[in-house]
Structure formats: structure tokens, C-alpha cells
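Participant: Dropping a structure here in C-alpha cells format, bear with me for questions.
The values are calculated or read from the model by the stated rules, or taken from the named source; none is laboratory data. What you see is a predicted model; the values in this text were computed from it and never measured. All Cβ positions, glycine included, derive from the backbone under ideal geometry; neighbour counts span all protein chains shown.
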Amino acid sequence: MGGLRLLRLRAARRLRPSRGAPAAGDSGISLIEVLVTIGVMGVVMTMFTTGVIQVYRAVNTVESLSTAQSQLHTAFQRLDKEIRYASWLSTVRSDSKYWYVGFAGVNAQTRTLECKRLRLSLSSGVLQLQRWTPGSPPAAGTPGETLASYVVTDGGLATDPPFSVRAAGSLPKAASGTGPADPAFIPDYQQLRVNLAIRVGTGQHARATDFDVTFTALNTSRETEADNVCDEGSP
């Protein structure tokens, strides 16, 4: 019995690790390894966050452009109805803040004469429609109904303004802009050209669309007088 117990004690001593030696797999992680891991994770998170921000900006730009295009479509429908039945178009005016063009029409509900004005803000890029009854023009700075936003007017205003009126009986230019059109075609109505550009976003995410439409005022003629009550209070 004594010999067997002695053999067991010797076997246990061989299997038990010494007090000074660490157990296998329990050595831990050094400070350098921790710092390297944190650095790698920081780079990965930065790349991931940058990608998410770029995707968000692209989606936001596309949504904004879609909204602006929808506004332009609605504005076209409104202006086509408003200007088609206009009985007078004013001259185009501008100052340091706005571009204006007025026209006279009929109120759809009261069937009475109504004065209207398109106003484009150079600072905010907002196109608005103002209305008033003859004899009571709106005060300067009075807001109107917003038709479109994100309108840009940078450059080319002297030769290609946002509004331009063509008198009845005048010879329009050819589509190429190099000379007059067919002299056999001379419109007997006043026409209003609305030439706008919509731009949203900046840099590589910028998106733009154009709006260049000529509306014909069918209630005008070559005899339409230049003076009109709706010109009262014009800027």
C-alpha cells in the first residue's frame, strides 16, 4: 500500500505545473496588440461611416430633385391654365432681389378681372404667383403662392432671362437662335417664355433639370394695349 501511494504522489507532481510557469493559453494580450486592434477598427468604422453618409446624401439629392421636378410639372399645369386665358402681359422687370412679369386674367370663382404676377427671388430661388384685385396691388415683399423651389439664375441673365414677353405680331427667332424663324409664321397673340433651371445638391451630388416653355395668351391680340390696370403698383 505504501509503495502504491508513493507512485501516485510522484505522478501528480509530474502533471502539476510549477508555481512560476503560466498555464497554457492564459498568457493574455499585450498593450501593443490592443492599440493595433483599436486602430484597425477605427479605420474600418471611418470607411463605413463615410460610405453611409455618401449614400444618404445621394438619396437625399435624388429625392429633392424628384420633388423639384414634381413642382415644375405642377407649375407648368398651373401656368398653362393661367397664362393661356390671360388678356394682357406686362413688360418684364427686375431689381436686385426679384424678377417680375405680370398678367391680367379672370378669377375662376368670381368671374371678375384679376391681376397676377410671377415673381422669382434671386436669393432663395423660389418662384411665386401673386394675385390681387385691380386697384389694390400687394405691398413690396408680400408673399405669394410658391410654384417651384431650387431655381438658379447664376449667369446668362442678360441674354437669357427667366422671363421674356414676345409682343403679338412680332417675328420669333428660329429654334437655333441664329436668326428669325419662317416669316410666314407670325403669332397674333402675346407670348410669355419662362426659362428656369432647377439645381439641388452640391459637388458631385449636384443634379439639375431645365424648364423652358413658351405660353401663349389666347385672349390677347395685336390691338392689346400696353397700359393696363394690373400694371398699377408694379416694381
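Participant: Can you name the residue in the range 108-117 that is without any contact (Cβ under 8 Å) to a residue 12 or more places away in the chain and not charged (D, E, K, R) and, of all such residues, is farthest from ASN195 (Cα to Cα)?
Facilitator: If we take residues in the range 108-117 being without any contact (Cβ under 8 Å) to a residue 12 or more places away in the chain and not charged (D, E, K, R), then THR110 is farthest from ASN195 (Cα to Cα).
Participant: Further question: Got a number for residues in the range 98-132 being in a strand (DSSP E or B) and out of contact with any helix residue (DSSP H, G or I) (no Cβ under 9 Å at 6 or more places or on another chain)?
Facilitator: 11
Participant: Can you find, within the range 143-180, the residue that is modelled with the lowest pLDDT among those that are closer than 30 Å to SER66 by Cβ and among the hydroxyl-bearing types (Ser, Thr, Tyr)?
Facilitator: THR153
Participant: Of the residues in the range 68-97, how many are outside any strand (DSSP E or B), in contact (Cβ under 8 Å) with a residue 24 or more places away in the chain and either in contact with a helix residue (DSSP H, G or I) (Cβ under 9 Å, 6 or more places away or on another chain) or of a type in the set (S, T, N, Q) (or both)?
Facilitator: Counting residues in the range 68-97 that are outside any strand (DSSP E or B), in contact (Cβ under 8 Å) with a residue 24 or more places away in the chain and either in contact with a helix residue (DSSP H, G or I) (Cβ under 9 Å, 6 or more places away or on another chain) or of a type in the set (S, T, N, Q) (or both) gives 7.
Participant: Just to be sure before I move on: is ALA24 modelled with pLDDT under 85 and assigned to a loop (DSSP other than H, G, I, E, B) in the structure I sent? It would help to see each step written out before you state the result.
Facilitator: Details: modelled with pLDDT under 85: yes; assigned to a loop (DSSP other than H, G, I, E, B): yes.
The answer is yes for ALA24.
Rundown of residues vs (1) surrounded by 13 or more Cβ atoms within 10 Å (Cβ to Cβ); (2) at pLDDT below 90; (3) part of a strand (DSSP E or B); (4) more than 23 Å from the chain's Cα centre (by Cα), yes/no style:
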position: ASP182; (1), (2), (3), (4): no, yes, no, yes
position: ARG199; (1), (2), (3), (4): yes, yes, yes, no
position: THR220; (1), (2), (3), (4): yes, no, no, yes
position: SER234; (1), (2), (3), (4): yes, yes, no, yes
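Participant: Could you identify the single residue in TYR100, TYR56, TYR85 that is of a type in the set (Phe, Trp, Tyr), surrounded by fewer than 17 Cβ atoms within 10 Å (Cβ to Cβ) and within 25 Å of GLY135 (Cβ to Cβ)?
Facilitator: On the way: TYR100 fails: surrounded by fewer than 17 Cβ atoms within 10 Å (Cβ to Cβ); TYR56 fails: within 25 Å of GLY135 (Cβ to Cβ).
Only one candidate passes the filter, namely TYR85.
Participant: Just to check your reading of the model, which residue among THR67, THR50, THR46, THR37 is among the hydroxyl-bearing types (Ser, Thr, Tyr) and either touching a Cys at 6+ places or on another chain (Cβ under 8 Å) or modelled with pLDDT under 75 (or both)?
Facilitator: After ruling out the rest, the residue left standing is THR67.
Participant: Among (1) closer than 15 Å to THR216 by Cβ; (2) in contact with a Phe, Trp or Tyr (Cβ under 7 Å, 6 or more places away or on another chain), where does VAL92 come up short?
Facilitator: Against the list (1) closer than 15 Å to THR216 by Cβ; (2) in contact with a Phe, Trp or Tyr (Cβ under 7 Å, 6 or more places away or on another chain), VAL92 comes up short only on (1).
Participant: Could you figure out which of (1) on the phi < 0 side of the Ramachandran plot; (2) part of a loop (DSSP other than H, G, I, E, B) isn't true of GLY135?
Facilitator: Checking GLY135 against (1) on the phi < 0 side of the Ramachandran plot; (2) part of a loop (DSSP other than H, G, I, E, B), the one that fails is (1).
Participant: Here are THR67, THR74, THR112, THR91: which of them is farther than 19 Å from GLU145 by Cα, out of contact with any Gly (no Cβ under 9 Å at 6 or more places or on another chain) and among the hydroxyl-bearing types (Ser, Thr, Tyr)?
Facilitator: So the residue among THR67, THR74, THR112, THR91 that is farther than 19 Å from GLU145 by Cα, out of contact with any Gly (no Cβ under 9 Å at 6 or more places or on another chain) and among the hydroxyl-bearing types (Ser, Thr, Tyr) is THR112.
Participant: A further question follows. Filtering the range 93-125 down to residues that are in contact with a strand residue (DSSP E or B) (Cβ under 6 Å, 6 or more places away or on another chain) and aliphatic (A, V, I, L, M), which residue is farthest from GLN190 (Cα to Cα)?
Facilitator: Among residues in the range 93-125 that are in contact with a strand residue (DSSP E or B) (Cβ under 6 Å, 6 or more places away or on another chain) and aliphatic (A, V, I, L, M), the one farthest from GLN190 (Cα to Cα) is LEU120.
Participant: The conditions are (1) at pLDDT 90 or above; (2) in contact with a Cys (Cβ under 8 Å, 6 or more places away or on another chain), and PRO137 fails exactly one of them. Which is it?
Facilitator: (1) is the only condition that PRO137 fails.
Participant: Criterion first (crowded, with 17+ Cβ neighbours inside 10 Å, at pLDDT 85 or above, among the β-branched types (Val, Ile, Thr) and more than 20 Å from the chain's Cα centre (by Cα)) does VAL106 satisfy it?
Facilitator: no
Participant: Restricting attention to the range 59-74, does a residue exist that is surrounded by fewer than 18 Cβ atoms within 10 Å (Cβ to Cβ) and more than 16 Å from the chain's Cα centre (by Cα)?
Facilitator: No, that holds for no residue.
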